[in-house]
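The block underneath contains the structure these notes are about, expressed in structure tokens.
Every read-out reported here was derived from the displayed coordinates using simple, explicitly stated rules and does not represent laboratory data. Computed from a prediction, not measured in an experiment: that's the story for all the values here. Backbone-built Cβ (ideal geometry, glycine too); neighbour counts: all protein chains shown.
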Amino acid sequence: MNATADIIKPHAVLPDAQPLLTLKGVTKTFPGVRALHNVSLSLYPGQVTALIGENGAGKSTLVKTMTGIYQPDGGEIAVDGKVVALNGAHDAFAQGITAIHQETVLFDDLSVAENIFLGHAPRTGLGLIDWRTMRAKSRAVLNGMGAGHIGPDDRLKDLGIANKHLVAVARALSIDARIVILDEPTAALSAKEIEDLMMLIEHLRAEGKAILFISHKFDEIYRIADRYTVFRDGEMVGEGMLAGTPQNDIVRMMVGRAVDQIFPVRDSQPGDVVLSVKGLSHPTEFDDISFDLRKGEILGFYGLVGAGRSEVMQAIFGTTQTSAGTMTLDGKAVAPKSAAEAIESGVVYVPEERGKQGVIIGMPIFKNVSLPSLRKTSKNGVLQLAEEFSLARQYTQRLDLRAASLSQDVGTLSGGNQQKVVIAKWLATSPKVIILDEPTKGIDIGSKAAVHGFMAELVAQGLSVIMVSSELPEIMGMSDRVVVMREGRVAAVLDNKDLSAETLVRTAAGIAA
Amino acid sequence: ADAKIALVVKSLGNGFFDAAHKGALEAAKELGGVEIIYTGPTKATAEAQIEVVNSLIAQKVDAIAISANDADALVPVLKKAMDRGITVISWDSGVAAEGRQLHLNPSDTDLIGETIIKLAADHLPDGGDVAILSAASTATNQNAWIDAAKKALPEKFKNINLVSVVYGDDDSAKSTDEAKGLLKSYPNLKAIIAPTTVGVVAAAQVVTDENLIGKVNVTGLALPSEFKKFIDNGASQGVALWNPIDLGYSAVYLAYDLAVKKEEAKPGAKLSIGRVGEITLDDTNSAPMAAPFTFDKSNIEEFSKIY
Amino acid sequence: MSAIGTTRQIPDRLDNPLRSLVFSWEALLVAVAVAIFIVNSLASPYFLDVWSLSDLTFNFTEKGLIALAMALLIISGEIDLSVAAIIALASTLMGMAAVAGVGTPGLVLIGVGVGIACGAFNGFLVTGLGLPSIVVTIGTMSLFRGIAFIILGDQAYNSYPASFAFFGQGYVWWVISFELVLFLVAAVIYGFVLHKTSFGRRVFSIGNNPIASHFTGVRVARTKFILFCLTGLMAGIASVLITSRLGSTRPSIAQGYELEVITMVVLGGVSILGGAGSILGVVLAALIMGMVTFGLGLLNVPGIVMSIFIGLLLILVIALPILWKRLSRRRIA
Amino acid sequence: MNALLKNREIWLVGAIAVLIAVIATRFPGFAAPRNLSTVFNDTSILMILALGQMVVILTRSIDLSMASNLAFTGMVVAMINAAYPGFPIPLLILVAIGVGLILGAINGFLVWRIGIPPIVVTLGTLTIYRGATFVISGGAWVNADKMSPDFIGLQRMQLLGLPVLSWFAIATIVLFFVMMTRTALGRSLYAIGVNPTASVYAGIDVGRTKFFAFCISGAIAGLAGYLWISRYVIASVEVANGYELNIIAACVIGGISIAGGIGSVGGAVLGALFLGIISSALPVVNISPFWQMAISGTAILLAVVLNARGERKQGRIILKKAEAAAA
Ligand SMILES: Nc1ncnc2c1ncn2[C@@H]1O[C@H](COP(=O)(O)OP(=O)(O)OP(=O)(O)O)[C@@H](O)[C@H]1O
Ligand SMILES: Nc1ncnc2c1ncn2[C@@H]1O[C@H](COP(=O)(O)OP(=O)(O)OP(=O)(O)O)[C@@H](O)[C@H]1O
Ligand SMILES: [Mg+2]
Ligand SMILES: [Mg+2]
């Protein structure tokens, strides 16, 4: 690997700014993985620093090191120029460091107030928890960030995903922090909520807090950040002021090469209707969903997060039961009552929640791939390992899986590679329809291109693809037609020829043109 | 040693069996050249006792003298022992006839049944309600005594009314709960008869706790050393038992008679048991040792020092 | 790192199979078993005797049979604490039938049938109603044995036909008992099913991630239901054996067996959290537990003291690999 | 009102009231306050133990060794009392709590530092602690006549109309209530059960908190050891054998989720009371004791079904129409 040649020399740091927090030579190793290697980073008051890097570059690991959840193997962390030891999250609180982590890490069965104050609850004179003050303070924090509709006594369980995210933000703000870290805070948010969050970040910056912002979305980064730091394979490979740095340069630093961000050009000529859905309904989640999917077509599903797209897909896949509606596949009526039946008929689903619903962590790659095809690889129910290996190799290599061996636990792979294993397992079943739910969510730019290229290849071979995505460029770049969903219903089915982003967003949000 | 004799008890730790062990050692010394293996499960179940017997078979002991947790369940393994040439006798709590060569009853079953009722009746000149708190529902000897007691009631104790039989499983907590239940359900209860050393202590403690001394008399079979307290405080007017030391002594003697002296156990046979005397086997090859002995205020002091 | 597009051959596996065999859990158990065998032979002159060794097997065959099915159940992420109660209920109903004059084949059918029915009941509560198996089976544990107590109370059944004695007391050949043969045959079958069939593969996948398995077309509920039925079946078979061996039935039969069975399974290297384990490990663990209890029994050590050894063995055998891994990691770092 | 109906404790109180009413129709004396206070006293030890178990279950763990711990500590204090009858009882209680705590700490240490799953650890110590009871006592029982009058008498003393044993239970309940609702440790116990990962992020040391949970259940088992032995006046190896499952059953009936994070002091207490009422009522309403096991098994199953219904996640409502209908 000859990467140094591509690295752009860091810009000079502004001389007048004193960093609030500095990391020097931080190293962190997990068994078999060097997540951080000799990393340095500075955060400045009143500035937003964007941390950029491919999946697995070590960004979240760095966040966890800065918040005391991981202890570095080497190097030092200094706040205000003084070296500190962070032996747990409370040490980080004490230093005024707070973070919204990549995973929403909250307590479903506890109240909002407690979610905000757990670990640093106000005490009475006797040292007991002072619930009254805690509620009052929670209300103040929530009101202060324009989230007054959330009550301190609400159970977190009963909140929607966006509100949960706001509670996470409130928690971060409840600590009088000087350093605020946001690790992919926008991944689960809709356009409007992202906008609110951006305002909040600007507000924090104006208050003089030092902010670290992590995202895979370049529009957000250019919108909010002042500086950037780029990581690759656990090393810091570049940093500087964002203004004047072209996106392409940053992408080159990230992946060590230039990446073609253009979506694959396809000569799409959809054929006959393969899957036809009519009036599919669910008591509470969606209603009267109808659409057709043609052979060799990529049908995009667009909508705001929570529009119910995943539920519709799971109904088609047989894992959610419907109350009304019919489906035909290749002209034959189907009504799958389980995933097994759907797979049998040729419909497969790459779920949104990869770790929970997609890969089976604890099992090696080849067993993950062969699981839905066991009938094919085994003889009278008796396993044939050689068959399984060859099946797994065939499909993972087509997807350019990066793995040391096929017997490696799938849990040791990066997110993008896990996604490839899930796709491989479905391809091995030779499906007619493949449903991809947010196929590139949280996936870095390189893997993203691979997945997109692969989708193009699939439809060229005559498969039909449904792609659920909340990313406009992806929807517009990949789909032949787009189904827009809003609040559990189909708002429109649009042809992708000369479709404007504005139309899409307006339809999804229900705003008249 | 010339002979290895295993004394298998229902459960280890029970004072009654510890006393029997003493007697067994005494017999071994008297006979000479006898090694006693004192063993048993900690939990009084048949399955656990079977594993103990299995290991004794493997050790090729000469004789097994067992007080069984279950009259039937132990039969197959004891038969196996006999097939492998081991002398098997039961004592205290017996096994079915095909599982042993002879059975040594601590006393005559009918006599015990009658005695435990009599202990209560003696202090109830006008009659009244009594209840029995037994050990495990599977305990052979207790069940035999209760049957005998039931038989004796209409014949000899017309004014005594047995209202209930409950089981404390020789577990002090369960026995306590059952005794309390009896007192609650039968407010007119005059006596609790517990023919087991664990149950009788639990019942006496309950009567003491509920301030029913003088109203409810606890009686049954008890080891004097464990029960002295309740004779002293009046919770009990008197209890009965036989001498466990003699019982252990006799069991070893009989096992020795059969295993080493090659005496034959058959109906009518007379066998000597050293200082205790001699027994005659009945047609089920069993024999009683001695009449139960009653302990009350007059003699408890003296016997509580012995066992 | 190669450029995108060039295909690389991903090897099937990296580690040497021989090496992983030597460092496997089973190897550890074999070492423990051999050590216990040697210690037993040295400690007691009676241990190395064909009849002793034959009698020894009775200490684990019944529990071992249940442990085989329990291993699959625990690997799938569930547990069944009611197995001993199933034994009691099945034995009670067999006793009732025997009193009514049912012959030996009928009794076996009843024992096995009751076992399956109880297992199906557990399976229905867990998979049909979606309840946690640990609490469900704590409940059915009381319920099943409770029914046995209601039926039998303080009585016992002991009028089994003479031919019924064969299952728990009979020998197939010389010192080889029927129970041992049954256990070994069942072990081979279970080992084959778990490790060599697609059913077994699905059991592992369910244990590792039930949701993803469900999304991959594995019929999770059905598979778990089958596993509960299998566990019930094995408890039913064990009930036939133990009833035959004791020649009688009490409602308190097999009390406390459930924890011994689970100990056996865990000692055999099955992860209590599901997703990992092997039948060979369980068989070795059964053998180890049998040898420890029998060996100490030969020295007339009370059963309760033996249980200390079993408890220590359990914790040590689980702790050793964890500590070993930690140590070797520290050495590398 | 709605919130009130959702409250598990209210349901349990209702169930217990119905149970008492049903029993009272067959045996009127049962509902008398005097009798109910006796039932409370009889259930005290189970309530105390259930509270200790609750703390552990909340953290997604389980302590199967409580009954063995109880037997061991009970034997220790009984032997001390037999050997030194003059040893002050309050000190002896402290010894019991201390010994129990040490045994609990051993469990906690193995869970925290070695990382063995709690069910495996306590399955092991379940047999080890009971075996140790045999070893220290040589298998011999300590009988009532070897115990000092104070040892036996303390819990039987009346204080404000209730036996001291009941006061032990009341004090434990109050202490646990304050601990679970008002202290950082109590809230941490809930938090690590609800979401262990989030707890780490909130600055809670999950392993150490579990360790404390086991220490608490151990100390409780120790206290219960003294109470048990002095109540049933016999210390043997077999004391409370198999009782661990009763303790867990009380927690389950009380709505403490085996998956952790859900449960309350009130629930544990009521769950124990429910079992206590059943076992004390059966004899008086003349139901054969042989029915007891089946009845409590059924009660456990019913409780599990009902609790699961209460916990079942309400589906998200996306459709506006459905939302209106549901409101
Ligand atoms: N707890 C852990 N144990 C082992 N390996 C880990 C652990 N956490 C992270 N890693 C590994 O460390 C590397 C860096 O992971 P990290 O989560 O920091 O990446 P990231 O930059 O945040 O990626 P993403 O953009 O996908 O969030 C990856 O290879 C990951 O697999
Ligand atoms: N109330 C909630 N609490 C937690 N997570 C939620 C909640 N609502 C939605 N989510 C999560 O947010 C995501 C989107 O929800 P869902 O998939 O049901 O709707 P969708 O319109 O299909 O969304 P998407 O555009 O992400 O596919 C899912 O990952 C879901 O688990
Ligand atoms: Mg990350
Ligand atoms: Mg979705």
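Of C:V175, C:Y257, C:G119, which is farthest along the charge dipole of chain C in the positive direction, counting Lys and Arg as +1 and Asp and Glu as -1 at C-beta?
It is C:G119, whose Cα lies furthest towards the positive end.
Please state the charge dipole magnitude for the protein assembly as shown, taken about the Cα centre, from unit charges on C-beta atoms (+1 on K and R, -1 on D and E), reported in debye and rounded to the nearest 20.
Using Cβ point charges on Lys, Arg, Asp and Glu, the protein assembly as shown gives about 2000 debye.
With the calculation restricted to Cα positions, what are the radius of gyration and Dmax of the stretch A:105-175 in angstrom?
Over the stretch A:105-175's Cα set, Rg and Dmax evaluate to 11.3, 37 Å.
Mean-square fluctuation check for chain C, GNM, Cα pairs under 10 Å: which of C:I134, C:I272, C:I253 is largest?
Taking springs between Cα atoms under 10 Å, the residue moving most is C:I134.
Which order, highest average first, do A:400-411, A:300-311 follow once you tally other Cβ atoms within 10 Å for each residue and take the mean per peptide?
Top to bottom by mean Cβ count within 10 Å: A:300-311, A:400-411.
Would you please state which residues of the stretch B:19-35 a label at B:K261 would reach in this model, taking the label point 7 Å out along Cα→Cβ and a backbone N cut-off of under 14 Å?
It comes to B:27-28, B:30-32, nothing else.
Which parts of the stretch C:208-222 would a label at A:K337 reach, counting a residue when its backbone N lies under 19 Å from a point 7 Å out along Cα-to-Cβ?
C:214-222
Dipole of the stretch A:105-175, Cα-centred, from +1 at each Lys and Arg C-beta and -1 at each Asp and Glu C-beta, to the nearest 20 debye?
In total the dipole reaches around 200 debye.
In degrees, nearest 10, range 0 to 90: what is the angle between the Cα axis of helix B:46-58 and the longest Cα principal axis of chain B?
Long axis of B:46-58 versus the principal axis of chain B: about 20 degrees.
Determine the shielding of peptide A:407-415 by partner chains: average, over its residues, the number of Cβ atoms on other chains within 10 angstrom of each Cβ.
If you average over the peptide's residues, the count of other-chain Cβ atoms is 2.
Grab the alpha carbons of the stretch C:191-333, take their convex hull, and tell me the volume per residue in Å³.
It is 156 Å³ per residue.
In whole Å, how far is the Cα centre of the stretch D:212-279 from that of the stretch A:430-471?
Value for the Cα centre distance between the two parts: 55 Å.
Evaluate chain A: find the radius of gyration of its Cα atoms, find its Kirkwood radius, and give the ratio Rg to Rh.
Ratio of gyration radius to Kirkwood radius for chain A: 0.98.
At a 10 Å Cβ-Cβ cut-off, how would you order B:H123, A:H120, A:H149, fewest neighbours first?
Starting with the residue having the fewest Cβ neighbours, the order is A:H149, B:H123, A:H120.
Just how large is the dipole of the stretch D:2-326 about the Cα centre, in debye to the nearest 20, putting +1 at every Lys and Arg Cβ and -1 at every Asp and Glu Cβ?
Here the stretch D:2-326 has a charge dipole of around 1000 debye.
How would A:D272, B:D129 line up from fewest to most surrounding beta-carbon atoms within 10 angstrom?
The fewest-first ordering by Cβ neighbours comes to A:D272, B:D129.
Report, in cubic angstrom per residue, the convex hull volume of the C-alpha atoms of chain B.
Per-residue hull volume (Cα only) is 116 Å³.
Whole Å is fine, so just give me how far the alpha carbon centre of the stretch A:58-85 lies from that of the stretch C:150-192.
Going from one Cα centre to the other spans 64 Å.
Using only Cα atoms, what is the ratio of the radius of gyration of the stretch C:58-324 to 2.2 N^0.38 Å?
The stretch C:58-324 yields a ratio of 0.99.
So how compact is the stretch D:102-159: Cα radius of gyration and Dmax in angstrom?
16.9, 46
What FRET efficiency comes out for B:A269 versus B:D83 if R0 is 22 angstrom and r is the Cβ-Cβ distance? Round to the nearest 0.05.
The computed FRET efficiency comes out at 0.50.
I need the calculated FRET efficiency for the pair B:L124 and D:Q158, taking r as the beta carbon distance and R₀ as 35 Å, to the nearest 0.05.
0.70
Given H placed on each backbone N at 1.01 Å, which residues far from B:L162 in sequence or on other chains put an amide H within less than 5 Å of it?
Hits under the 5 Å cutoff: B:V130.
Determine the alpha carbon to alpha carbon distance for each of A:K64/D:K210; A:K332/A:K356; A:K217/A:K497; A:K209/A:K420 and list only those over 28 Å.
With Cα atoms farther than 28 Å apart: A:K332/A:K356; A:K209/A:K420.
Output the antiparallel fraction of DSSP beta bridges having both residues in the protein assembly as shown, as a percent to the nearest 5.
Antiparallel bridges: around 45 percent, rounded to the nearest 5.
Using a 10 Å cut-off on Cβ atoms, rank the peptides C:219-231, D:252-264, A:376-388 from the highest mean neighbour count down.
Descending packing order for the listed peptides: D:252-264, C:219-231, A:376-388.
Can you tell me which of C:238-251, B:198-211 comes out highest on packing, and rank the rest after it, using the mean Cβ neighbours within 10 Å?
Order by mean packing, descending: C:238-251, B:198-211.
Taking the protein assembly as shown, how much of its Cα-Cα pair set, in percent, is spaced more than 61 angstrom apart?
25
Projected onto the charge dipole of the protein assembly as shown (+1 at Lys/Arg Cβ, -1 at Asp/Glu Cβ, origin at the Cα centre), which of C:V218, A:L41, A:I262 gives the Cα projection farthest towards the positive end?
Farthest towards the positive pole: A:I262.
Which whole number gives the average count of other chain Cβ atoms within 10 Å of the Cβ atoms across peptide A:355-364?
Going residue by residue through A:355-364 and averaging, the value is 6.
Quick one: helix C:61-75 against the long Cα principal axis of chain C, what's the angle to the nearest 10°, folded into 0 to 90?
40
Is the shape of the stretch A:142-271 rounded, prolate or oblate, going by the alpha carbon gyration tensor and its root eigenvalues a ≥ b ≥ c, with a/c under 1.5 for rounded and a/b larger than b/c for prolate?
In terms of gyration-tensor shape, oblate.
If Lys and Arg each add +1 and Asp and Glu each add -1, what is the summed charge of the other residues whose beta carbon sits under 14 Å from the beta carbon of B:N217?
Residues near B:N217 contribute -1 overall.
With axes computed from alpha carbons, what is the tilt in degrees of helix D:66-83 against the longest principal axis of chain D, rounded to the nearest 10 within 0 to 90?
20
All other residues with a Cβ under 15 Å from the Cβ of D:F274 taken together, and with Lys, Arg as +1 and Asp, Glu as -1, what is their net charge?
Taking every Cβ under 15 Å from that of D:F274, the sum is -1.
Can you list the aspartates and glutamates whose alpha carbon sits under 17 Å from that of B:K297, skipping same-chain ones fewer than 8 residues off?
Here the aspartates and glutamates satisfying the reach criterion relative to B:K297 are B:D122, B:E226, B:D232, D:D145.
What FRET efficiency would be calculated for the residue pair B:E35, D:L302, taking the C-beta separation as r and a Förster radius of 51 Å, to the nearest 0.05?
0.35
List the aspartates and glutamates whose alpha-carbon lies under 15 Å from that of A:K59, not counting same-chain residues fewer than 8 positions away?
Qualifying aspartates and glutamates at Cα under 15 Å: A:E103, A:D183, A:E184, A:D233, A:E235, A:E239, A:D444.
Shielding by partners for C:314-321, please: the mean number of other protein chain Cβ atoms within 10 Å of each residue's Cβ.
Across the residues of C:314-321, the mean count of other-chain Cβ atoms within 10 Å is 5.
Within a 10 angstrom radius of the beta carbon, how do D:M75, A:M363 rank from fewest other beta carbons to most?
Ordered by Cβ neighbours within 10 Å, fewest first: A:M363, D:M75.
Give me the extension gain from C:R19 to C:S159: residue separation times 0.36 nm, minus the current Cα-Cα distance, reported in nm with one decimal.
Value of the extension gain: 44.9 nm.
Quick one: which residues, 5+ away or cross-chain, put their amide H under 5 Å from the amide H of B:V88? H built at 1.01 Å from N.
B:I64, B:Q101
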